[in-house]
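S.K.: Questions regarding the structure given below will be posed in turn.
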């Protein structure tokens, strides 16, 4: 455990103050009793088997931040980094700020933020490896970096920037509430180091001395309804009606009639650009992974269900070699997609841990669904293309196994895409938290799947009547484009009306990436019109397939740009940064100018 100093000062000792039975969210402050099985156990801190003597060991603790007193000295950051031996590019606690007013009455409000050890920790539920645990001891939400495999999903779902993904170490780590200090009755290092008395700590809902408020909101702080965080605020000094961030997020905070500050779009008149280079991001493997998976599922559904719905050209017996080759290509493409998604992890060799949290994590359910689909697709491909290899099986078994594998792959593939879109329905990322993700993913399934079948079959049958196959693929293509277009239209309208971070992300989409966004929309509309013209003209043969190939290139380019935009424009409901720290624009500048090569700048080079 932590070794206190011989004469520890009073400001560093946790006060033993009376508290209510329940916090304001209705959760009990006492997390375990004397007879509870959880009580009396050691936290095994640094291998120490002892049990702390803190009388409030099993009560929910939390931070208290007094914005009136914070002078932005960053002593809390420094103490945390020193205590946890953090590299320059990682900070469990950070100080940002918002500003407002006009000269000479210009006001700045600082915010110090770390993990809030929430009552409903979304990081714990989202983590596929179960690296997070909420302990009865102090209510601390602790994360084990040794279990983490570096997917970074917890950094998506947390509204407070608490989990920190270290791309150099390949795992996530976060504030541990300094439980080693709590065990001996001391406050965390950050609150003990605060010079202005702005940051305090204790049993939740207890008011520190000389304080007036225990608020759950402050300008720039996301809604507490997402996670029920264990932090309380005081802010009594008058602030302007509008407060602005100094980082690159186009957000401002406007006071409503109840005195709360709500996030709004800060339209700063930035011009419309292409920004094609900035469409690249750390999530590029996910762009490929999601699009390829949706294509493979869609193409397989057409190949498997087509013959059962009258498309005799798709029957395995009609064109056995072409059918087998296409199935093998789909299996190979899905293999590549899964490999890219695995290599995207910080620790790819621990990919098997993705199944550890099927009960709560949408990532675990997505991985499980795709694993089932992939194996059933492989089984169906072998049984269909190489049925002769299984002649040693009893009569009728090959047909039964093929039927089971085919229907199993059709079902699990469709479910896997549903689980995939659930991964992005995150309250902390309003731009993603919309049903348009569902229409986009299933729309891509229809569009890309139809093209993946129409092109090889169309070219192979270019010198012969193609029957109704191309017409059916055109209908699916049109349905997919219509589904995605409807979802995108409603998404844009809802974002514009909803305000907040979602509307700010849409503002980035219309300005910083405005021409790319417009080009994607025009391409989708043009593809729909071109498909209708292609069907109406009745053009066939080589000329017809040339037109189909051009249409496929346009649709594929639109899909890639649209999916890249999906990842790069999203703005989380995160805490404000500062001019240099936690500022996306400064990070981009540091990488472009070479400052990122200096470790002390705190920006890692743009590499995975």
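The values are calculated or read from the model by the stated rules, or taken from the named source; none is laboratory data. Being a predicted model, the structure only gives us computed values, none of them experimental. All Cβ positions, even for glycine, are placed from backbone atoms using ideal geometry, and neighbour counts span all protein chains on display.
S.K.: For segment 1-14, give me each residue that is in a loop (DSSP other than H, G, I, E, B) and at pLDDT below 90. Spell out the reasoning first.
M.R.: Our first condition is that a residue be in a loop (DSSP other than H, G, I, E, B); within segment 1-14, this holds for 1-9, 14.
Those that are in a loop (DSSP other than H, G, I, E, B) and at pLDDT below 90: 1, 2, 3, 4, 5, 6, 7, 8, 9.
S.K.: Which residue is surrounded by the fewest Cβ atoms within 10 Å (Cβ to Cβ), if the candidates are limited to segment 500-523 and must be in contact with a helix residue (DSSP H, G or I) (Cβ under 8 Å, 6 or more places away or on another chain) and not in a helix (DSSP H, G or I)? Steps first, answer last, please.
M.R.: Step one: filter segment 500-523 for residues in contact with a helix residue (DSSP H, G or I) (Cβ under 8 Å, 6 or more places away or on another chain), giving 502-503, 505-506, 509-510, 512-513, 516-517, 519-521, 523.
From what's left, not in a helix (DSSP H, G or I): 512-513.
On the way: 512: 21, 513: 24.
Within segment 500-523, the match that is surrounded by the fewest Cβ atoms within 10 Å (Cβ to Cβ) is 512.
S.K.: So, one more: Name the residue that is farthest from residue 139 (Cα to Cα), counting only residues in segment 48-66 that are surrounded by 15 or more Cβ atoms within 10 Å (Cβ to Cβ) and more than 30 Å from the chain's Cα centre (by Cα).
M.R.: In the first step, residues of segment 48-66 are kept if they are surrounded by 15 or more Cβ atoms within 10 Å (Cβ to Cβ); the result is 51-52, 54, 56-66.
Next, only the ones that are more than 30 Å from the chain's Cα centre (by Cα) stay: 51-52, 54, 56-59, 66.
Values: 51: 16, 52: 15, 54: 14, 56: 11, 57: 9, 58: 7, 59: 7, 66: 22 Å.
So the residue we want is 66.
S.K.: Filter segment 133-148 down to residues that are within 19 Å of the chain's Cα centre (by Cα) and buried (at least 24 other Cβ atoms within 10 Å of the Cβ) and give me whichever is nearest to residue 230 (Cα to Cα).
M.R.: Residue satisfying both the conditions and the ranking: 143.
S.K.: Can you pull out the residues in segment 419-435 that are within 17 Å of residue 563 (Cα to Cα), in a helix (DSSP H, G or I) and without any contact (Cβ under 8 Å) to a residue 60 or more places away in the chain?
M.R.: Selection gives 421 alone.
Yes/no per residue for (1) touching a residue at least 60 places away in the same chain (Cβ under 8 Å); (2) over 30 Å from residue 122 (Cα atoms); (3) over 29 Å from the mean Cα position of the chain (by Cα):
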site	(1), (2), (3)
415	no, no, no
438	no, no, no
449	yes, yes, no
455	yes, yes, yes
459	yes, yes, yes
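S.K.: Out of contact with any strand residue (DSSP E or B) (no Cβ under 8 Å at 6 or more places or on another chain), at pLDDT 95 or above and either farther than 19 Å from residue 123 by Cα or surrounded by 18 or more Cβ atoms within 10 Å (Cβ to Cβ) (or both): does that describe residue 399?
M.R.: On the way: out of contact with any strand residue (DSSP E or B) (no Cβ under 8 Å at 6 or more places or on another chain): yes; at pLDDT 95 or above: no; either farther than 19 Å from residue 123 by Cα or surrounded by 18 or more Cβ atoms within 10 Å (Cβ to Cβ) (or both): yes.
No; evaluated as a whole, the condition is false for this residue.
S.K.: Do the conditions hold for residue 596, that is, is it buried (at least 16 other Cβ atoms within 10 Å of the Cβ), assigned to a helix (DSSP H, G or I), at pLDDT 95 or above and outside the structural domain of residue 227 (by TED's automatic domain parsing)?
M.R.: no
S.K.: Across segment 512-544, what is the total count of residues that are over 23 Å from residue 291 (Cα atoms), over 23 Å from the mean Cα position of the chain (by Cα) and touching a residue at least 24 places away in the same chain (Cβ under 8 Å)? Explain how you work it out, then say what you get.
M.R.: Filtering segment 512-544 down to residues over 23 Å from residue 291 (Cα atoms) leaves 512, 532-544.
Among the residues that remain, those that are also over 23 Å from the mean Cα position of the chain (by Cα) are: 532-544.
Those still in the list that are touching a residue at least 24 places away in the same chain (Cβ under 8 Å) too: 532, 534-535, 540-542, 544.
Counting residues in segment 512-544 that are over 23 Å from residue 291 (Cα atoms), over 23 Å from the mean Cα position of the chain (by Cα) and touching a residue at least 24 places away in the same chain (Cβ under 8 Å) gives 7.
S.K.: Now a separate question. Only one of 227, 236, 206 is in a loop (DSSP other than H, G, I, E, B), farther than 30 Å from residue 58 by Cα and modelled with pLDDT of 90 or more; which?
M.R.: Details: 227 fails: farther than 30 Å from residue 58 by Cα; 206 fails: farther than 30 Å from residue 58 by Cα.
After ruling out the rest, the residue left standing is 236.
S.K.: Follow-up. Does residue 45 satisfy the criteria of being modelled with pLDDT of 85 or more, in contact with a helix residue (DSSP H, G or I) (Cβ under 6 Å, 6 or more places away or on another chain) and surrounded by 12 or more Cβ atoms within 10 Å (Cβ to Cβ)?
M.R.: Numbers: modelled with pLDDT of 85 or more: yes; in contact with a helix residue (DSSP H, G or I) (Cβ under 6 Å, 6 or more places away or on another chain): yes; surrounded by 12 or more Cβ atoms within 10 Å (Cβ to Cβ): yes.
Considered against the rule, which asks whether it is modelled with pLDDT of 85 or more, in contact with a helix residue (DSSP H, G or I) (Cβ under 6 Å, 6 or more places away or on another chain) and surrounded by 12 or more Cβ atoms within 10 Å (Cβ to Cβ), residue 45 comes out as yes.
S.K.: I'm checking my understanding of the structure. Among residues of segment 239-260 that are without any contact (Cβ under 8 Å) to a residue 40 or more places away in the chain and not in a loop (DSSP other than H, G, I, E, B), which one is nearest to the chain's Cα centre (by Cα)? Write out each step before concluding.
M.R.: From segment 239-260, those without any contact (Cβ under 8 Å) to a residue 40 or more places away in the chain are 252, 254-259; that's our starting set.
Still in the list and also not in a loop (DSSP other than H, G, I, E, B): 252, 254-255.
Details: 252: 23, 254: 27, 255: 29 Å.
Ranking the qualifying residues of segment 239-260, first place goes to 252.
S.K.: Taking segment 459-499 only, how many residues are modelled with pLDDT under 90, crowded, with 19+ Cβ neighbours inside 10 Å and assigned to a helix (DSSP H, G or I)?
M.R.: 2
S.K.: Let me ask you something else. Taking the options 570, 555, name whichever one is assigned to a loop (DSSP other than H, G, I, E, B), in contact with a helix residue (DSSP H, G or I) (Cβ under 8 Å, 6 or more places away or on another chain) and modelled with pLDDT of 90 or more. Spell out how you get there, then give the answer.
M.R.: Values: 555 fails: assigned to a loop (DSSP other than H, G, I, E, B).
It is 570.
S.K.: Among the numbered conditions (1) within 25 Å of residue 161 (Cβ to Cβ); (2) in a helix (DSSP H, G or I), tell me where residue 544 comes up short.
M.R.: The single condition residue 544 does not satisfy is (1).
S.K.: Assess whether residue 203 counts as being surrounded by 17 or more Cβ atoms within 10 Å (Cβ to Cβ), within 28 Å of residue 427 (Cα to Cα) and in contact (Cβ under 8 Å) with a residue 40 or more places away in the chain. It would help to see each step written out before you state the result.
M.R.: Working: surrounded by 17 or more Cβ atoms within 10 Å (Cβ to Cβ): yes; within 28 Å of residue 427 (Cα to Cα): yes; in contact (Cβ under 8 Å) with a residue 40 or more places away in the chain: yes.
So residue 203 fits the description; yes.
S.K.: Does segment 149-159 hold any residues that are surrounded by 24 or more Cβ atoms within 10 Å (Cβ to Cβ) and within 27 Å of residue 75 (Cα to Cα), and which are they?
M.R.: 154, 158, 159
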